[in-house]
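Only one structure is covered here, and it is reproduced in the block below.
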Amino acid sequence: MAQWERGEIADRVAASVPVRAKMGKSLGGQPSLGYKWCGNQLVIDDEFAPIRKLLYELFITHKRKKTVANLLNEKGYRTRNRSKFSDTTVGRLLRDPMAKGERRANYTRSLGDGKKWELKPSSEWVILPCPALVTEEVWNECNRILDVSEKKHARLGPQAKHLLAGYVYCTCGTKMYVYHETKSNKISCK
């Protein structure tokens, strides 16, 4: 009976999440850098909003996440939890549509094992308006630059199947590979 009740409670909580999201209420957690909750309203945080705006300006100028992170850190700026900016943090903030005035809610789900998350189908997302920090043109330009950079640095071709292939040398001095797929997948010299 207790197990059934636990399942019922979980279902009711899950059903209330999209409803709360459509009402514009907080679903828990911190809002994106540059924003804060004031009651049930998402408002611009005067302490961090200038940093978020500067992040977009620097990225349009330099076009590199690591450079932007280093410049922000050199100027003494820190994230909300007072840690230094990293290229990963800069990339995540640049991709977040909240800066252009679009707050996404109910768009991820936890896989339940630590911090792994996956995107829900876009039909389940709730998109709400919020105060914008940058114009849509600035946000689109930054994301275009990110798309070009990611496409340019994408790995080409299939990844190696055999860990040491190409790194191990034969006694004759040539690199060894797996030449024929067999059950043993032996690395051998030509």
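Just so you know, in the stretch 81-107 the residues that are in contact with a Cys (Cβ under 7 Å, 6 or more places away or on another chain) and surrounded by 18 or more Cβ atoms within 10 Å (Cβ to Cβ) include one that is farthest from V43 (Cα to Cα), and it is L94.
When the residues of the stretch 120-139 are filtered to those that are free of Cβ contacts under 8 Å to residues at least 40 places away in the same chain and assigned to a helix (DSSP H, G or I), the one that is surrounded by the most Cβ atoms within 10 Å (Cβ to Cβ) is E136.
Each residue in the stretch 91-103 was checked for being free of Cβ contacts under 8 Å to residues at least 24 places away in the same chain and in contact with a strand residue (DSSP E or B) (Cβ under 7 Å, 6 or more places away or on another chain), and 0 of them qualify.
So is S110 modelled with pLDDT of 90 or more, surrounded by 10 or more Cβ atoms within 10 Å (Cβ to Cβ) and within 16 Å of the chain's Cα centre (by Cα) or not?
When the stated conditions are applied, S110 does not pass them.
Which members of the stretch 32-90 meet the condition of being in contact with a Lys or Arg (Cβ under 7 Å, 6 or more places away or on another chain) and without any contact (Cβ under 8 Å) to a residue 24 or more places away in the chain? Those that are in contact with a Lys or Arg (Cβ under 7 Å, 6 or more places away or on another chain) and without any contact (Cβ under 8 Å) to a residue 24 or more places away in the chain: N40, D45, N73, R78, K84, D87.
For the stretch 9-52, filtered to residues that are modelled with pLDDT of 80 or more and charged (D, E, K, R), the residue that is farthest from T89 (Cα to Cα) is D46. Has the stretch 61-68 got any residue that is under 22 Å from D147 (Cα atoms), under 19 Å from the mean Cα position of the chain (by Cα), modelled with pLDDT of 95 or more and open to solvent by less than 60 Å² (accessible area, probe 1.4 Å)? Yes: one or more hits. Scanning the stretch 92-130 for residues that are among the small types (G, A, S) and under 23 Å from R144 (Cβ atoms) returns A99, G101, S122. Taken over the stretch 88-116, the criterion of being of a type in the set (D, E) and over 14 Å from Q30 (Cα atoms) is satisfied by E102, D113. Checked against (1) open to solvent by 80 Å² or more (accessible area, probe 1.4 Å); (2) closer than 30 Å to P50 by Cα; (3) at pLDDT below 75, E150 passes all but condition (3).
The values are calculated or read from the model by the stated rules, or taken from the named source; none is laboratory data. This structure is a prediction, so every number in the text was calculated from the model and none was measured. Positions of Cβ are backbone-derived with ideal geometry, glycine not excepted, and every protein chain shown enters the neighbour counts. Side chains are part of the model used for accessible areas, which takes the heavy atoms of the whole protein and leaves out ligands, DNA and RNA. Shrake-Rupley method; radii C 1.70, N 1.55, O 1.52, S 1.80 Å.
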